[in-house]
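Visitor: Let me begin by handing over the structure; questions about it come next.
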């Protein structure tokens with residue numbers, strides 16, 4: 001060990017890379033416990049305005065930080081995320097911490113176990129700061145559906161951070177955590193990453209265990225990381241990915257060295273650009289920023305060619321049939337009987353069920369439960385849910401054909417930059433259409449990365465979505481890293 005112990009104030013004023021922070025801790029120049037304390041001081045100052053954290057886990061965080069400092073003092077090898085402050089979206093359960101999923105119906109619930117992704121982060125040395133705000137049960141595109149108030153975008157606090165993982169994206173953008181975990185069902189990692197100007201990862205379905213995730217739509221839900229840069233996001237995915245015997249849907253496919261893969265040059269890669277994602281409705285400033293990103297890939301040696309995804313226009317209605325149907329089944333368990341909120345205004349068991357759910361769930365969750373229940377009901381199942389599953393198969397096959405011709409596909413992440421708080425809350429359809437560029441990848445089960453690709457004239461971030469075939473996250477990281485390099 002060498003050098004003097006360094007103050008941590010300067011380290012929390014602007015984002016630091018994982019490698020740089022870990023190196024400081026390994027050398028003894030920075031103490032993990034002091035770094036955690038500095039982040040908590042910053043959270044205390046910034047969180048009242050941004051509403052990013054719902055709860056803090058200081059006792060657990062400082063115990064982990066002290067373990068890391070003891071290892072560093074002895075000169076022992078440190079795990080890959082040693083001392084790195086990380087935040088956790090509140091739909092992932094965490095032992096000893098409230099897990100509300102942004103809903104009053106789970107207010108006060110403290111699970112006795114950790115989600116697999118959470119336990120893998122901590123085993124890798126991460127210091128878990130607390131639980132992050134989100135749309136209720138991950139249902140939303142703006143983080144205005146949380147029962148505990150909206151999150152504000154650090155770039156412009158009068159605008160939304162995106163959803164449903166708005167707290168996770170905003171925490172990284174405001175440097176209230178070095179990295180975070182979020183979840184993505186139809187764009188809930190990628191869209192907030194775009195709105196907040198950070199990197200967000202959609203792993204292949206099954207690549208990361210869903211054990212300990214409070215379910216929204218089980219065939220679509222995925223856990224993934226946010227970070228300030230592509231290499232850090234790749235490192236985090238490498239930690240949390242891999243088979244989990246507690247999740248029957250988790251993949252047994254081997255894990256790549258994603259961080260090393262992100263360093264690989266992109267020269268010679270074939271990049272597909274689907275015209276369906278650059279049609280009417282795309283904000284002109286977003287289009288211009290994306291075209292600059294595509295030009296950067298061309299300059300880096302990529303071949304840019306058209307890609308055809310003609311059924312994209314059916315993705316939003318397909319998604320909102322399948323996702324709501326699964327939500328109606330998954331949320332049936334929250335009935336006021338076993339845990340969470342129970343209405344005091346009930347004379348009978350039937351009243352208790354009805355009142356608990358009516359008082360505990362917010363408007364958007366109720367809307368989706370009703371839509372899903374209707375789609376699954378007798379007489380409508382074949383016309384709606386079954387038809388949606390057939391279209392889902394068509395969308396997946398279109399991506400398979402496209403990836404036979406290209407190594408990656410690039411698209412806008414969202415049709416526009418972050419919109420103002422309250423702008424779309426009275427128009428659910430307009431809010432749903434904000435997912436138009438993200439739900440296709442969700443339905444197809446493929447992977448992707450959203451990376452910052454310029455900004456509008458007002459300084460609002462624009463994100464590029466890089467999509468790759470299933471279990472080829474490394475290809476998405478390579479392309480995203482090349483786009484990122486062009487912005488520096």
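The values are calculated or read from the model by the stated rules, or taken from the named source; none is laboratory data. The model shown is predicted, which means the values in this text are computed figures rather than measured ones. Here the Cβ positions follow ideal geometry from the backbone for every residue, glycine too, while neighbour counts run over all protein chains shown.
Visitor: Can residue 448 be described as more than 24 Å from residue 140 (Cβ to Cβ) and touching a strand residue (DSSP E or B) at 6+ places or on another chain (Cβ under 7 Å)?
Guide: no
Visitor: Just checking, does segment 476-485 include any residue being in a strand (DSSP E or B), closer than 22 Å to residue 308 by Cβ and at pLDDT 95 or above? Step through it out loud before you land on a result.
Guide: At the first step, the residues of segment 476-485 found to be in a strand (DSSP E or B) are none.
Checked segment 476-485: no residue is in a strand (DSSP E or B), closer than 22 Å to residue 308 by Cβ and at pLDDT 95 or above.
Visitor: So, one more: So the check is Cβ under 7 Å with 6+ separation or different chains; which pairs have a first residue in segment 424-437 that's free of Cβ contacts under 8 Å to residues at least 60 places away in the same chain and a second one that's surrounded by fewer than 21 Cβ atoms within 10 Å (Cβ to Cβ)?
Guide: These pairs meet every condition: 430/424.
Visitor: Does segment 266-285 hold any residues that are part of a strand (DSSP E or B) and more than 15 Å from residue 479 (Cα to Cα), and which are they?
Guide: Of everything in segment 266-285, just one residue is part of a strand (DSSP E or B) and more than 15 Å from residue 479 (Cα to Cα), namely 274.
Visitor: Tell me whether segment 459-466 contains one or more residues that are in a helix (DSSP H, G or I), in contact with a helix residue (DSSP H, G or I) (Cβ under 8 Å, 6 or more places away or on another chain) and more than 24 Å from residue 321 (Cα to Cα).
Guide: No, there is no match, as no residue in segment 459-466 is in a helix (DSSP H, G or I), in contact with a helix residue (DSSP H, G or I) (Cβ under 8 Å, 6 or more places away or on another chain) and more than 24 Å from residue 321 (Cα to Cα).
Visitor: Could you grab me the full set of residues in segment 1-49 that are outside any helix (DSSP H, G or I) and either at pLDDT 95 or above or surrounded by 15 or more Cβ atoms within 10 Å (Cβ to Cβ) (or both)?
Guide: Passing the criteria: 6, 8, 15, 16, 17, 28, 29, 30, 31.
Visitor: State all residues of segment 76-103 that are over 27 Å from residue 356 (Cα atoms) and free of Cβ contacts under 8 Å to residues at least 40 places away in the same chain; if no residue qualifies, say none.
Guide: Result: 76, 77.
Visitor: In segment 328-362, what residues are out of contact with any helix residue (DSSP H, G or I) (no Cβ under 8 Å at 6 or more places or on another chain), free of Cβ contacts under 8 Å to residues at least 40 places away in the same chain and under 20 Å from residue 216 (Cβ atoms)?
Guide: Listed by number, the residues that qualify are 332, 333, 338.
Visitor: Filter segment 291-315 down to residues that are assigned to a loop (DSSP other than H, G, I, E, B) and touching a strand residue (DSSP E or B) at 6+ places or on another chain (Cβ under 8 Å) and give me whichever is surrounded by the most Cβ atoms within 10 Å (Cβ to Cβ).
Guide: Looking at the filtered set, the residue picked out is 302.
Visitor: Here is a list of conditions, (1) part of a helix (DSSP H, G or I); (2) under 21 Å from the mean Cα position of the chain (by Cα); (3) modelled with pLDDT of 95 or more, and residue 432 meets all of them except one; can you say which number that is?
Guide: Of the numbered conditions (1) part of a helix (DSSP H, G or I); (2) under 21 Å from the mean Cα position of the chain (by Cα); (3) modelled with pLDDT of 95 or more, the odd one out for residue 432 is (3).
Visitor: Considering segment 162-204 alone, what residues qualify as being assigned to a loop (DSSP other than H, G, I, E, B), over 24 Å from residue 81 (Cβ atoms) and touching a strand residue (DSSP E or B) at 6+ places or on another chain (Cβ under 9 Å)?
Guide: Passing the criteria: 162, 164, 185, 187.
Visitor: On the basis of being surrounded by fewer than 19 Cβ atoms within 10 Å (Cβ to Cβ), out of contact with any helix residue (DSSP H, G or I) (no Cβ under 7 Å at 6 or more places or on another chain) and without any contact (Cβ under 8 Å) to a residue 12 or more places away in the chain, does residue 73 make the cut?
Guide: no
Residue by residue, here is whether (1) part of a loop (DSSP other than H, G, I, E, B); (2) surrounded by fewer than 24 Cβ atoms within 10 Å (Cβ to Cβ); (3) under 19 Å from the mean Cα position of the chain (by Cα); (4) at pLDDT below 95 holds:
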| residue | (1), (2), (3), (4) |
| --- | --- |
| 215 | yes, yes, yes, no |
| 218 | yes, yes, yes, no |
| 223 | no, no, yes, no |
| 232 | no, no, yes, no |
| 235 | no, no, yes, no |
| 245 | yes, yes, no, no |
| 252 | yes, yes, no, no |
| 259 | no, yes, yes, no |
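Visitor: Tally up the residues in segment 100-110 that are at pLDDT 95 or above and surrounded by fewer than 22 Cβ atoms within 10 Å (Cβ to Cβ), please.
Guide: 1
Visitor: Is it true that residue 288 is surrounded by 17 or more Cβ atoms within 10 Å (Cβ to Cβ), at pLDDT 95 or above and either assigned to a helix (DSSP H, G or I) or more than 13 Å from the chain's Cα centre (by Cα) (or both)?
Guide: When the stated conditions are applied, residue 288 does not pass them.
Visitor: Could you list, in sequence order, the residues of segment 389-437 that are farther than 20 Å from residue 478 by Cα and in contact with a strand residue (DSSP E or B) (Cβ under 8 Å, 6 or more places away or on another chain)?
Guide: Residues satisfying the conditions are 414, 417, 418, 419, 420, 421, 437.
Visitor: Next up: Out of all the residues in segment 69-80, is one or more more than 27 Å from residue 147 (Cβ to Cβ) and in contact with a strand residue (DSSP E or B) (Cβ under 7 Å, 6 or more places away or on another chain)?
Guide: So in segment 69-80, the residues more than 27 Å from residue 147 (Cβ to Cβ) come out as 69-80.
Filter again for in contact with a strand residue (DSSP E or B) (Cβ under 7 Å, 6 or more places away or on another chain), leaving none.
Within segment 69-80, none of the residues are more than 27 Å from residue 147 (Cβ to Cβ) and in contact with a strand residue (DSSP E or B) (Cβ under 7 Å, 6 or more places away or on another chain).
Visitor: Does residue 422 qualify as being closer than 21 Å to residue 142 by Cβ, modelled with pLDDT of 95 or more and out of contact with any helix residue (DSSP H, G or I) (no Cβ under 6 Å at 6 or more places or on another chain)?
Guide: When the stated conditions are applied, residue 422 passes them.
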